[in-house]
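Right, one structure below, let's go through it.
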Amino acid sequence: QVQLVESGGGLVQAGESLRLSCAASGRILSTYYMGWFRQAPGKGREFVAAIAWSGTSSYYADSVKGRFTISRDNAKNTGYLQMNSLKPEDTAVYYCAATFQHYALHSPTNYPYWGQGTQVTVSS
């Protein structure tokens, strides 16, 4: 089992930045892929970004590319999502997730482990 706990959400104005953290615990912490997803009210869970266990490969949704950066520190068992130039449409609950699969990283169904989510609200 892998346990995930997100933190760092909050209320910011458009154009500002936030950094989300995802603290992981449990088995084989350094060999999983970590993903970030978000879910706005009335919408499905949307892929945001994912990163390989080594940290050398990362993937982004087109909507956040160039503004968000995913990273991880395996020594600390923690992943991060740096969000810059935030927009009101980025408002959502953000979830981190973990999988030991290396394919379909954009699909939430590929991730068996999830955090509880953290709210990000961007005002205009």
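The values are calculated or read from the model by the stated rules, or taken from the named source; none is laboratory data. For clarity, every value in this text was computed on a predicted model and none was experimentally measured. Here the Cβ is made from the backbone with ideal geometry for all residues, glycine too, and neighbour counts use every protein chain on show. Just the protein is used for accessible areas: all its heavy atoms, side chains included, with ligands, DNA and RNA removed. Shrake-Rupley method; radii C 1.70, N 1.55, O 1.52, S 1.80 Å.
Cβ-Cβ distances below 6 Å connect the following pairs, each with a first residue in segment 14-41 that is of a type in the set (A, V, I, L, M), a second residue that is surrounded by fewer than 13 Cβ atoms within 10 Å (Cβ to Cβ) and at pLDDT below 95, and a separation of six or more residues or different chains: 14/124.
Scanning segment 1-45 for residues that are in a strand (DSSP E or B) and either farther than 17 Å from residue 102 by Cβ or of a type in the set (A, V, I, L, M, F, W, C) (or both) yields a total of 24. Every condition in (1) at pLDDT 95 or above; (2) open to solvent by 10 Å² or more (accessible area, probe 1.4 Å); (3) closer than 14 Å to residue 8 by Cα holds for residue 81 except the one numbered (2). Screening segment 90-124 for residues that are part of a strand (DSSP E or B) and over 18 Å from residue 42 (Cα atoms) and picking the one that is most open to solvent (accessible area, probe 1.4 Å) gives 114.
Taking first residues from segment 74-93 that are in contact (Cβ under 8 Å) with a residue 60 or more places away in the chain and partners that are of a type in the set (Asp, Glu) and open to solvent by 60 Å² or more (accessible area, probe 1.4 Å), the Cβ contacts under 8 Å between residues at least 6 apart in sequence or on separate chains come to 86/16.
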